[in-house]
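Trainee: Mind having a look at this structure? Questions to follow.
The values are calculated or read from the model by the stated rules, or taken from the named source; none is laboratory data. What you see is a predicted model, and the numbers here were worked out from it, not measured in a lab. Here Cβ is always computed from backbone atoms with ideal geometry, including for glycine, and neighbour counts include all displayed protein chains.
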Amino acid sequence: MSEPRTLAIRVLPQPGESLDSWLEALARRSWIPLSALLDALGLPTQERTHYLLTGLPPEMFHRLKKQLNLRTGVLEQSAVPAALFGRRAPHWRFCPQCLTEEQGRFPTRWWLPWTFACTKHQVLLHRHCPGCHAEPRVFLPRSVHLHPPGHCMRRTGRRTVCGADLGELPALPLPHGHPLLQAQDQLDSLPVHQRLAPDRTFSKVDKCLSPLMESLTAADLLSLNETARESWQKTLADLTDLNSGIGIWRLQERRRNILTPDFLKREYVESQTPLHTIAKTHGLPIRHVIRRTRELGVTVFRGHRPHTIDDEEWLREQYLDRTRSIEDIAQELGTSNNVVRRHLEDLDVPRRPFGTHGLTALHAKLDESLPRDIRAAAEGTLHGWLRLRRFQINMAFPTLTAAAKHLDLVPSALASQFLQLEQDIGTQLFYRSVRHAPQRPTARGATLLQDLDDSRVRALMQNALGTRLDRLPPPDAVGFATAAVDGERAALTVLHPQAPPPRHVIIPAPLHRLLSHLLAHRDQETSPSQIHTATGIPFNTVYKQVKRLEAAGWLTSRPETRAERPGGGRRRTFYSLTPAAHQAASTITRGPAALRKATEPRDESTDRTAGLLYETPGQEI
């Protein structure tokens with residue numbers, strides 16, 4: 001086997017220097033890309049930079065020492081175990097002044113999650129580049145020999161990098177003797193090398209950080225500028241993150257100190273407190289609580305605990321005589337369905353078929369004094385009461401489509417439910433709507449609607465449906481649906497001079513265009529010929545429509561005087577909106593959801609009445 005190749009040009013690593021920093025300096029000195037240097041040394045060229053810090057096996061470090069003829073122990077402080085970072089990749093922080101003074105070379109400590117300040121310059125460390133606003137060393141730098149040291153080498157294209165000078169970032173100063181500086185000084189005294197024991201390291205780090213977090217006051221943070229406070233908050237979030245190494249260790253220590261054998265015996269076994277309640281009370285993830293409970297040999301029950309049913313005759317009566325479902329019995333006893341099934345098997349009770357056949361609703365019997373159609377629709381059916389309620393709601397609307405829209409259902413699904421209801425009762429319940437003719441109940445359907453208004457039936461329906469009971473539609477919704485069905489034949493709302501303004505108005509579709517023009521010129525008088533010229537509506541249509549509006553109290557008319565027409569000829573008739581029409585105009589909107597009471601004040605800045613074109617035929621406006 002051939003001997004490892006050695007390099008002709010060598011650069012010695014500085015004490016405590018990070019491996020990636022030293023290899024980058026060596027690549028610059030040799031005037032080659034960093035990836036070419038890694039290939040020459042037999043090191044893997046991973047995409048992420050931190051693999052050089054945490055991913056190299058010991059044999060590669062031994063080969064590096066031999067290739068570069070380095071002394072024993074020189075590279076020990078250039079790498080750290082991957083276990084220090086947990087499930088999160090390391091984040092690199094830097095001091096701009098140190099980078100400038102050391103010509104781009106930096107220590108391994110800048111990779112550690114508990115390094116947040118530079119005690120030499122008494123500043124907080126930065127994390128992002130001033131040019132690309134990203135972390136500079138996430139990805140392995142390539143052509144480092146073409147760029148000066150201390151610059152951002154993050155790629156911005158196939159052949160371009162950011163190139164911003166990291167040393168130009170403004171300092172984040174800390175006052176002399178600040179608690180963050182004192183804590184960082186203690187943390188810097190901890191050793192850094194490849195053979196660190198994570199648990200022992202985390203224990204020492206926690207002894208420095210816990211007093212800091214407890215003693216750090218709002219006044220200490222107010223002494224920092226806004227950027228420095230944000231930097232510290234991000235560092236603190238990294239330290240306490242449950243995916244970071246020290247965050248995982250802290251959680252494990254807290255779990256070990258809280259979830260002792262005596263605690264679990266007292267709370268979980270004897271008091272029967274659920275594990276999810278224990279986890280929520282003490283701020284621990286439920287998976288960690290379950291894992292710790294199993295480690296201590298305590299049986300973990302999924303769902304409800306096993307329950308013993310002492311009264312076997314009661315269980316037999318409930319299941320066989322009253323035909324209650326297993327789910328209903330289990331809910332009453334506060335146990336699981338499997339417990340009830342197990343006791344039924346022990347009693348040799350024959351089981352009903354699986355699925356909906358075993359539900360209590362299918363076996364419930366109603367009082368024979370109730371109307372026959374009610375019993376036919378609700379007895380022995382799974383959703384009979386729901387179909388009865390929807391039939392009651394449907395008959396309040398002129399069409400099934402309007403009822404389906406109110407119930408937020410597909411019309412075909414609602415039609416299928418009514419078909420099933422008619423099959424259960426055995427007769428047709430209503431006539432479907434046709435053009436300009438709303439749906440209406442048959443004689444049997446009208447009787448069913450009367451039966452549904454009975455107080456006993458309403459109470460049974462409320463008890464059966466509970467929160468699923470749909471409310472009856474309000475009059476506004478029914479009125480809007482009726483006007484939409486009537487379309488062109490919808491009745492124009494009549495305005496009375498002495499009556500209060502209506503809450504909402506109905507304007508048939510043929511009048512939309514004319515009324516929009518009148519509302520746009522509400523303060524002017526106009527004649528049919530002028531309307532015809534401005535809107536293009538045929539003159540005969542305009543004449544008929546203004547007469548219809550005048551008869552309904554929307555317009556008032558006056559003949560043209562001779563003084564206004566000095567040249568003679570046929571005098572015109574001028575029309576203007578009545579005071580009642582001006583008041584009613586405040587209720588005109590695009591749809592029923594936006595109806596406004598006429599008594600509410602109008603906001604002129606948002607008034608969209610003028611020039612509106614109404615699209616829905618005969619809609620309430």
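Trainee: Out of the residues in region 456-484 that are touching a Lys or Arg at 6+ places or on another chain (Cβ under 9 Å) and buried (at least 17 other Cβ atoms within 10 Å of the Cβ), state the one that is modelled with the highest pLDDT.
Mentor: Met461
Trainee: So the check is Cβ under 6 Å with 6+ separation or different chains; which pairs have a first residue in region 415-442 that's at negative phi and a second one that's part of a helix (DSSP H, G or I) and basic (Lys, Arg)?
Mentor: Gln417/Arg387; Leu421/Arg387; Thr427/Arg444
Trainee: Another one. Quick one: Arg570 ticks every box in (1) over 19 Å from Leu495 (Cα atoms); (2) of a type outside the set (Asp, Glu); (3) assigned to a helix (DSSP H, G or I); (4) more than 47 Å from the chain's Cα centre (by Cα) except a single one, so which number is it?
Mentor: Checking Arg570 against (1) over 19 Å from Leu495 (Cα atoms); (2) of a type outside the set (Asp, Glu); (3) assigned to a helix (DSSP H, G or I); (4) more than 47 Å from the chain's Cα centre (by Cα), the one that fails is (3).
Trainee: Which ones in region 506-524 are of a type outside the set (Gly, Ala, Ser), exposed (fewer than 15 other Cβ atoms within 10 Å of the Cβ) and either out of contact with any helix residue (DSSP H, G or I) (no Cβ under 7 Å at 6 or more places or on another chain) or assigned to a helix (DSSP H, G or I) (or both)?
Mentor: Filtering region 506-524 down to residues of a type outside the set (Gly, Ala, Ser) leaves 506-508, 510-515, 517-519, 521-524.
Now restrict to residues that are exposed (fewer than 15 other Cβ atoms within 10 Å of the Cβ): 522-524.
Within region 506-524, Asp523, Gln524 qualify.
Trainee: Is at least one residue of region 231-242 outside the structural domain of Gly86 (by TED's automatic domain parsing) and part of a loop (DSSP other than H, G, I, E, B)?
Mentor: First, pick out the residues of region 231-242 that are outside the structural domain of Gly86 (by TED's automatic domain parsing): 231-242.
Of the ones still in play, those that are also part of a loop (DSSP other than H, G, I, E, B) are 241-242.
Checked region 231-242: at least one residue is outside the structural domain of Gly86 (by TED's automatic domain parsing) and part of a loop (DSSP other than H, G, I, E, B).
Trainee: Oh, and also: Name the residues in region 44-96 that are of a type in the set (A, V, I, L, M) and more than 24 Å from Phe139 (Cβ to Cβ), would you? Spell out how you get there, then give the answer.
Mentor: First, the residues of region 44-96 that are of a type in the set (A, V, I, L, M): 52-53, 56, 60, 64, 68, 70, 74-75, 79-80, 82-84, 89.
Scanning region 44-96 gives Leu68, Leu70, Val74.
Trainee: Moving on. From Gln194, Gln184, grab the single residue that is in contact (Cβ under 8 Å) with a residue 24 or more places away in the chain and either touching a Gly at 6+ places or on another chain (Cβ under 6 Å) or part of a helix (DSSP H, G or I) (or both). Before you say what the answer is, go through the steps one by one.
Mentor: Values: Gln194 fails: either touching a Gly at 6+ places or on another chain (Cβ under 6 Å) or part of a helix (DSSP H, G or I) (or both).
So the residue among Gln194, Gln184 that is in contact (Cβ under 8 Å) with a residue 24 or more places away in the chain and either touching a Gly at 6+ places or on another chain (Cβ under 6 Å) or part of a helix (DSSP H, G or I) (or both) is Gln184.
Trainee: A further question on this structure: Checking the conditions here, which among Ala219, Ala237, Ala197 is more than 24 Å from Arg87 (Cα to Cα), of a type in the set (A, V, I, L, M, F, W, C) and exposed (fewer than 15 other Cβ atoms within 10 Å of the Cβ)? Walk me through it before giving the result.
Mentor: Values: Ala237 fails: more than 24 Å from Arg87 (Cα to Cα); Ala197 fails: more than 24 Å from Arg87 (Cα to Cα).
Result of the check over Ala219, Ala237, Ala197: Ala219.
Trainee: Tell me the residue from His121, His50 that is touching a residue at least 12 places away in the same chain (Cβ under 8 Å) and closer than 19 Å to Pro173 by Cα, please.
Mentor: Details: His50 fails: closer than 19 Å to Pro173 by Cα.
Among His121, His50, only His121 is touching a residue at least 12 places away in the same chain (Cβ under 8 Å) and closer than 19 Å to Pro173 by Cα.
Trainee: From the list Leu75, Leu52, Leu84, Leu56, pick out the single residue that is under 23 Å from Pro198 (Cα atoms), touching an Asp or Glu at 6+ places or on another chain (Cβ under 6 Å) and in the same structural domain as Val138 (by TED's automatic domain parsing). First the steps, then the outcome.
Mentor: Numbers: Leu75 fails: touching an Asp or Glu at 6+ places or on another chain (Cβ under 6 Å); Leu84 fails: touching an Asp or Glu at 6+ places or on another chain (Cβ under 6 Å); Leu56 fails: touching an Asp or Glu at 6+ places or on another chain (Cβ under 6 Å).
Selected residue: Leu52, the only one of Leu75, Leu52, Leu84, Leu56 that is under 23 Å from Pro198 (Cα atoms), touching an Asp or Glu at 6+ places or on another chain (Cβ under 6 Å) and in the same structural domain as Val138 (by TED's automatic domain parsing).
Trainee: Shifting gears a bit: Identify, please: which residue in region 541-554 is among the aliphatic types (A, V, I, L, M) and within 52 Å of the chain's Cα centre (by Cα) and is, among those, modelled with the lowest pLDDT?
Mentor: Here the answer is Ala552.
Trainee: A further question on this structure: Anything in region 434-466 that is touching a Pro at 6+ places or on another chain (Cβ under 6 Å) and not in a helix (DSSP H, G or I)? List them, or say none.
Mentor: Correct list: Pro438 only.
Trainee: Looking at (1) closer than 20 Å to Gly177 by Cα; (2) in a helix (DSSP H, G or I); (3) in contact (Cβ under 8 Å) with a residue 40 or more places away in the chain, which is the one condition that is false for Leu224?
Mentor: (2)
Results for (1) modelled with pLDDT under 90; (2) surrounded by fewer than 20 Cβ atoms within 10 Å (Cβ to Cβ), shown as yes or no for each residue.
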residue	(1), (2)
Leu53	yes, no
Met60	yes, yes
Leu64	yes, no
Ala82	yes, yes
Ala89	yes, yes
Arg93	no, no
Glu101	no, yes
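Trainee: Select, from Thr556, Thr541, the only residue that is out of contact with any Ser or Thr (no Cβ under 6 Å at 6 or more places or on another chain) and assigned by TED's automatic domain parsing to the domain that holds His512. Quick ask: steps written out before the conclusion?
Mentor: Numbers: Thr556 fails: out of contact with any Ser or Thr (no Cβ under 6 Å at 6 or more places or on another chain).
Exactly one residue qualifies, and that residue is Thr541.
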